[in-house]
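Asker: Dumping the structure here so I can ask a few things about it.
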Amino acid sequence: MKYFPWASTVMFVSGAFLLFWHYLEARSLHLRPAVHYDTVEKIPLPAGYKRVSQDVGSFGAWLRKVPLKTNNTVYLYNGERKLNQSAQFAVLDVAVGKKDLQQCADAVIRLYAEYMYTSQQYTRIAFHATDGTLMDYSSWMKGYRFPVKQGRLQRQLTATPCQGRDCFYQYLQTVFSYAGTLSLSKELVAVPTPSDIRAGDVFIRGGSPGHAVLVMDMAVNATGQKVFLLAQSYMPAQDIHILKNPANAPFPWYYTVDAGKLVVTPEWVFKWEELMRFR
């Protein structure tokens, strides 16, 4: 091991830890009674913590109201059970669709776009494709579409104007098809310090492979120590779910006291420098 760089050694140990944790979780799943919480804000806090105040109408306040399924099973887009059922603490009641599209970055995009849609901020619903093309919902409602021509998306007026949920979901399918962790990471800005983490922030590594998880909620104790919840989709497209913390299983809260170390989630390991947020 002395010939491995420090970071590689930590990543190797973290990976081995995750494999062992998955084994233990799989063995114990059938022993735990199912507990259901109606919404994200109903997930119990660690002792001594209270939820961080969120501004009315903010993304963080909206995330707390996202409903959770009574069934804690994660299903894929095709209706099959995800092979790994040990990563989730709870499952968001958000449709995954019938295509293999709503994966990790797409789940972040979905929740942020849903927030802006429900708050009628239609002009702010816009995401870049990996090739740099801006796919904005305002244009989509006017009938503009984004076909691929000569290897690049083109903005063309080819459809009748539309509005409403069906129009919105069709737009999202196009965004999911052409955006990803690489394009989303370019739209976000770095969070300067882990202590400034907020609900709605994103741990993201752009690339192929890449991954992204969303900070769903925050709490703080009397000394100012923060904890947070994370949610993800993954490959193939699957139900968005609140992640357990492998270091504190079966509980879902992650601690900023670990800032400076790696953020080890059940299926990915992030660096704190990969914490970003929407502009």
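Asker: Name the long-range amide H neighbours of Met216: under 5 Å, sequence gap of 5 or more, or other chain; modelled H, no Pro or chain starts.
Answerer: Gly200, Leu229, Leu230, Ala231
Asker: Sorting check: for 205-212, 57-64, which peptide has the highest mean count of neighbouring beta carbons within 10 Å, and how do the rest follow?
Answerer: Going by the mean number of other Cβ atoms within 10 Å, highest first, we get 57-64, 205-212.
Asker: Continuing with the same structure: So for the range 157-242, averaging the separation of alpha carbon pairs under 8 Å that are six or more residues apart and normalising by length, what relative contact order in percent results?
Answerer: 18
Asker: Still on this structure: Using 7 Å Cα-to-Cβ label points, what is the Gln120/Val148 separation (nm, one decimal)?
Answerer: Output for this residue pair reads 3.8 nm.
Asker: Taking Cβ-Cβ under 4.7 Å as the only way to count a partner, pick out the unpartnered cysteines of the chain.
Answerer: If one checks each Cβ against the other cysteines of the chain, Cys104 turn up with nothing under 4.7 Å.
Asker: In the chain, carbon and sulfur make up what percent of the accessible area (probe 1.4 Å)?
Answerer: The C+S portion of the solvent-accessible surface of the chain is 57 percent.
Asker: Oh, and also: Which value at 222 nm does the chain reach when only helices count, each DSSP H run of 4 or more adding -39,500 (n - 2.57), with the total divided by all residues and rounded to the nearest 500 deg cm²/dmol?
Answerer: About -8000 deg cm²/dmol.
Asker: HN-Hα J couplings of the range 119-125 from phi, Karplus 6.51/-1.76/1.60, θ = phi - 60°, integer Hz, Gly and Pro as x?
Answerer: These are the phi-based 3J(HN,Hα) values: 8, 6, 9, 4, 5, 8, 7 Hz.
Asker: Something else: Identify all lysines with a Cα-Cα distance to Lys244 below 24 Å; exclude those on the same chain that are fewer than 8 residues away in sequence.
Answerer: Reachable lysines: Lys42, Lys50, Lys65, Lys69, Lys82, Lys226, Lys261, Lys271.
Asker: What is the set of long-range amide H partners of Val263 at a cut-off below 5 Å, with H atoms built 1.01 Å from backbone N?
Answerer: Hits under the 5 Å cutoff: Phe270, Lys271, Trp272.
Asker: A follow-up question, please. Send over the Kirkwood Rh of the chain, from the inverse of the averaged 1/r over different Cα pairs, rounded to one decimal Å. Each step should come with its number before you reach the end.
Answerer: Values: mean 1/r = 0.0507 Å⁻¹.
After inverting the mean inverse Cα-Cα distance, the result is 19.7 Å.
Asker: Moving on. From the Cα gyration tensor of the range 61-200, with a ≥ b ≥ c the square roots of its eigenvalues, which class applies: rounded if a/c is under 1.5, or else prolate if a/b is larger than b/c, or else oblate?
Answerer: The shape class here is prolate.
Asker: Separate question: State in Å² the accessible area per residue of the chain; use a 1.4 Å probe, count heavy atoms of protein chains only, and round to the nearest integer.
Answerer: 50
The values are calculated or read from the model by the stated rules, or taken from the named source; none is laboratory data. Note that the structure is predicted; figures quoted are calculated from it, not measured. Positions of Cβ are backbone-derived with ideal geometry, glycine not excepted, and every protein chain shown enters the neighbour counts. In case anyone asks, the SASA skips ligands and DNA or RNA and just uses the protein heavy atoms, side chains included. Shrake-Rupley method; radii C 1.70, N 1.55, O 1.52, S 1.80 Å.
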